[in-house]
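Worksheet: one structure, shown below.
Since every read-out is calculated from the coordinates, none of them should be taken as a lab result. Since the model is a prediction, treat every value here as computed from it, not as a measurement. A quick note on method: Cβ atoms are made from the backbone with ideal geometry, for glycine too, and the neighbour counts reach across all protein chains shown.
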Amino acid sequence: MCRIKSVTPAHTPLPMRILALETSCDDTACAIVDNGRHVLANVVQHQNRLHAVTGGVVPEVAARQHMVAVNEVITRALTEANCTLDDIDAIAATLGPGLIGSLVVGVSAAKSISFATGKPFIPVHHLVAHVCANVLGNNLTPPFLCLLVSGGHTQLMTIDADYKAAIVGETLDDAIGEAYDKVGRILGLPFPGGPQVDKLASSGNPTTYPLPMASTQHPWDFSYSGLKTAMNRLVTKEAAANPSGHLTETQRANLCASFQQAAITPLVNKTVAYAQQHNHHTITVCGGVSANSGLRQAMATACQQHGLALHVPTIGACTDNAAMVAAAAYFSPLPVTGDPLAADVFSRQPMPAAP
Ligand code: KG4
Ligand code: ZN
């Protein structure tokens, strides 16, 4: 019954227009991208308002909203790209890691289109997709050093010519995005906290509160649980010291700026030091936290000081989107044995590793 051939990674893929879906967490996204770089449409429907009620993503709620939104984002992407399914060469989707119920919706939709049209289905690893966000709209090619900073990951890795990763350092506890979101919650900011903390930090003084920057045994690892706990204590203490029992706007801005400085300084220092020690000339950053204005600014300054080339995705390509999934499908699809239409989703799985 199967009409679909397996797709294997290739160094120089043939010209291809890919329709990609991303539903690994709480963003329903569809994009249409030519040859892994040229974005014709990139539609993202966020669920932020839905999850603001609970202050975090409820997996079942996210999955059900993907089901409601998926057809609409596909139709919008086709309209935006001014094309029909006849103009598409392959259908891609994030197979994992992510929330299983969410992944199943996007993957099932992609497989259905693939089956109905006879066009190949290309499964993608979500973290490879984040790395590939760096090649959208430009001519960048690996190898390069990559700092991945998202809601679930904080990893420094080398990316080889086939987009295979070798992790050189990672968080020992919480991911940096998780820490940002937790600080947002402590300060009573709307979900997700990361962008809100970033915004407040820009009007605060980062030297107001000295916060711990964790030292790790391994020089390229990171740690955020101590900083998170320190922030929790500091916020409670500062609020209690005010007659109103609440923080002033100035205090909130200074707390965010101080947290941001403590959170991003190790990222910048370690990434640049690793590049220098190991002769890397190009640094890339990806994942939702790469949208952070403080990180982008500090990394740009450090790279300029040390003569390193820096690539960061456009803001819209930092957080979850489907254009990066299309880029990964083109340059580095997940290898599958057997029928890709039988490929199963997964909640956890490391990035395909460099040999
Ligand atoms: O990559 P992403 O969209 O989803 C995951 O794969 O995790 O990353 C989401 C994370 C959230 O923790 C969010 O708060 C954070 O990225 N984030 C930010 C900013 N924009 C998004 N954190 C700090 N500053 C931002 N501007
Ligand atoms: Zn992501």
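General remarks:
- Filter result (surrounded by fewer than 22 Cβ atoms within 10 Å (Cβ to Cβ) and in a loop (DSSP other than H, G, I, E, B)) within the range 116-141: Gly118, Lys119, Pro120, Gly137, Asn138, Asn139, Leu140, Thr141
- Candidates in the range 127-162 are the residues that are in contact with a Pro (Cβ under 6 Å, 6 or more places away or on another chain) and not small (Gly, Ala, Ser); of these, the one that is nearest to ligand 2 (Cβ to nearest atom) is Asn134.
- The set of residues from the range 194-248 being surrounded by 19 or more Cβ atoms within 10 Å (Cβ to Cβ), closer than 27 Å to Ile167 by Cβ and among the β-branched types (Val, Ile, Thr) comprises just one member, Val197.
- The residue pairs whose first member lies in the range 228-247 and is within 14 Å of Ser258 (Cα to Cα), whose second member is of a type in the set (Phe, Trp, Tyr), and whose beta carbons are closer than 7 Å, counting only pairs six or more residues apart or on different chains, are Met231/Phe259; Leu234/Tyr209.
- Qualifying residue in the range 86-103 (condition: part of a strand (DSSP E or B) and on the phi > 0 side of the Ramachandran plot): yes
- Index of the failed condition, Thr75 passing every other in (1) crowded, with 22+ Cβ neighbours inside 10 Å; (2) away from ligand 1 (no atom under 16 Å from the Cβ): (1)
- Screening the range 141-175 for residues that are of a type in the set (Ser, Thr, Tyr) and more than 15 Å from Lys270 (Cα to Cα) and picking the one that is farthest from ligand 1 (Cβ to nearest atom) gives Thr141.
- Residue within the range 76-88 that is within 15 Å of ligand 2 (Cβ to nearest atom) and of a type outside the set (Ser, Thr, Tyr) present: no
- Any hit, the range 151-161, residues being under 16 Å from the mean Cα position of the chain (by Cα), without any contact (Cβ under 8 Å) to a residue 40 or more places away in the chain and more than 22 Å from Val336 (Cα to Cα): yes
- Any hit, the range 29-44, residues being in a helix (DSSP H, G or I), crowded, with 23+ Cβ neighbours inside 10 Å, out of contact with any Asp or Glu (no Cβ under 8 Å at 6 or more places or on another chain) and touching a residue at least 24 places away in the same chain (Cβ under 8 Å): no
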